[in-house]
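Step one of this worksheet: look at the structure below.
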Amino acid sequence: MQRFSSLPFVLVLLVLVVGASLAPAAVAQPWEHGSDHGARFAAHLQRRLEPLGLSDTQQNTVQILLRTHAKEAIRLKAELDTMRVDLRQLLRTDPVDLQSAKSTLQAIAAKVVDLRMAHLTLLHDIRQVLTPEQQQKFRTMPEHHPGRDEEERR
């Protein structure tokens, strides 16, 4: 009976995680947040909220939510970057401690989930600020993704 080696699996994950962190934003992996992603997302949300006619109170609340989210996203991205530096150092050892590499990769994946959840939580919290009529209009509005729509037309 042949013994399964986890080395190929770890190497593939390594290429995905470390390679994505070294890639320019234009070719970053889908789960990666580019350095300007937060700003683009905030601008996208602002454009989608404009036609809803938010009151001053609603606009102020949304601005607070966006600032809070931006700070959280910055913190999570910094933690991810730090974890990736640690992973690169870990992978430079000979022999590579595969168990530690696996644990580190799992921690990185969990932090990516935290970042995605922060994004979803922001959307949820913004929807809570809207009236039922505004929520309905927001749900039925076509979503326009400037970067992605332009790429799909090519």
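The values are calculated or read from the model by the stated rules, or taken from the named source; none is laboratory data. No experiment lies behind these values; they were computed from the predicted model shown. Virtual Cβ from ideal backbone geometry, glycine too; neighbours counted across all protein chains shown.
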*Single condition Arg116 does not satisfy, out of (1) within 19 Å of the chain's Cα centre (by Cα); (2) surrounded by fewer than 17 Cβ atoms within 10 Å (Cβ to Cβ); (3) farther than 27 Å from Met141 by Cβ; (4) of a type outside the set (A, V, I, L, M, F, W, C)*: (3)
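Test of understanding: among Lys102, Lys71, which residue is loosely packed, with under 15 Cβ neighbours inside 10 Å, modelled with pLDDT of 95 or more and among the basic types (Lys, Arg)? Explain how you work it out, then say what you get.
Numbers: Lys71 fails: modelled with pLDDT of 95 or more.
Step by step, each of Lys102, Lys71 is checked, and only Lys102 is loosely packed, with under 15 Cβ neighbours inside 10 Å, modelled with pLDDT of 95 or more and among the basic types (Lys, Arg).
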